[in-house]
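Shown next, in structure tokens, is the structure this report addresses.
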Amino acid sequence: MEGETIESPPQLWFPTELFNPFYRNYAVLITYQDIPWTHQYILPIWEKALLTVTINDGTKKWVQYLEDEGIDVFSSENNKYVPQIIITNTRNRVDEIRLEFEEENLIEKLAKLGSFVIYMPNQDSMSFVTVIDEIRQNNKFSSMMLKEIYIFGDPADTNDHGRITETLVKCNDIMEQVIIITRKHYVWLLSPGSHKIYIPYYLISQDCECVLSVITNPTGHVTINGLQDELDPSDDLLMTTITKCEVKICTETPMVFHLVISPDIVNMSLYEEVDR
């Protein structure tokens with residue numbers, strides 16, 4: 001009918017789907033920061049990802065992480081742990097990207113094993129925007145059916161949290177489903193519009209918590225269903241408990257959603273093969 005407004009469908013979020021052993025339509029990015037989870041969680045997630053990426057010093061961090069677990073990435077039997085893409089802002093600073101026990105440039109060695117190296121001279125280690133845009137536009141990887149990008153890195157200080165928010169806002173123009181994973185949080189952007197977030201019941205029964213933070217001021221109209229509390233219009237922060245498996249949020253202003261979760265409480269045996 002003329003003049004009738006058609007509402008856009010809600011954006012769907014399945015934050016624990018990363019643990020589903022049958023689900024792999026995602027990319028993993030390793031940054032310069034500490035890898036927040038232990039190997040029994042990280043390695044299966046890496047192995048089943050459609051795309052694996054290390055950024056700048058994250059390359060060294062990843063190789064060292066594997067070595068600490070007794071895994072030699074340069075052994076042919078461990079080729080699955082070689083990053084598909086390496087983003088580097090250095091070309092000749094061999095001393096900064098070489099492990100002490102390596103005589104050959106680390107990135108060159110990984111390239112010989114199949115890593116596709118992208119040189120980005122002014123890449124900020126905490127800003128993944130240009131990295132994600134490069135991946136999206138690169139003919140070698142643009143045809144992949146990626147639904148989410150998971151960025152692993154534990155912020156070192158409060159300044160990093162502010163930069164995370166800024167990065168998520170910029171990434172949203174390129175790819176909406178970008179989730180930053182820290183030691184105890186999933187962090188992602190809820191852009192203006194409607195959203196549905198699906199949380200397994202067993203997490204609800206454990207009083208799963210979340211934090212909503214409003215980016216812009218003043219706060220626009222926000223409706224929430226599935227959380228214990230409502231967001232006070234005069235406030236820009238809500239710390240609450242999730243009460244329903246389907247959380248519905250409709251917002252006029254961009255917000256950052258922090259899901260408080262650690263992998264040790266995720267029951268992976270409950271997952272079944274999915275197609276979404």
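The values are calculated or read from the model by the stated rules, or taken from the named source; none is laboratory data. Not measured: the values here are computed from a predicted model. Note that each Cβ is placed from the backbone with ideal geometry, even for glycine, and that neighbours are counted across all protein chains shown.
Below are the figures for this structure:
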{"item": "Scan of the stretch 121-137 for residues that are at pLDDT 70 or above and either closer than 18 Å to GLN84 by Cα or within 15 Å of the chain's Cα centre (by Cα) (or both), ordered by number", "result": "VAL129, THR130, VAL131, ILE132, ASP133, GLU134, ILE135, ARG136, GLN137"}
{"item": "Scan of the stretch 199-231 for residues that are surrounded by fewer than 14 Cβ atoms within 10 Å (Cβ to Cβ), under 22 Å from LYS184 (Cβ atoms) and in contact with a strand residue (DSSP E or B) (Cβ under 6 Å, 6 or more places away or on another chain), ordered by number", "result": "ASP207, ASP229"}
{"item": "Meets criteria (out of contact with any Pro (no Cβ under 7 Å at 6 or more places or on another chain), assigned to a loop (DSSP other than H, G, I, E, B) and at pLDDT 90 or above) for GLY70", "result": "yes"}
{"item": "Of all residues making up the stretch 75-95, the number that are of a type outside the set (Ser, Thr, Tyr), more than 26 Å from the chain's Cα centre (by Cα) and either within 25 Å of GLU134 (Cβ to Cβ) or modelled with pLDDT of 50 or more (or both)", "result": "5"}
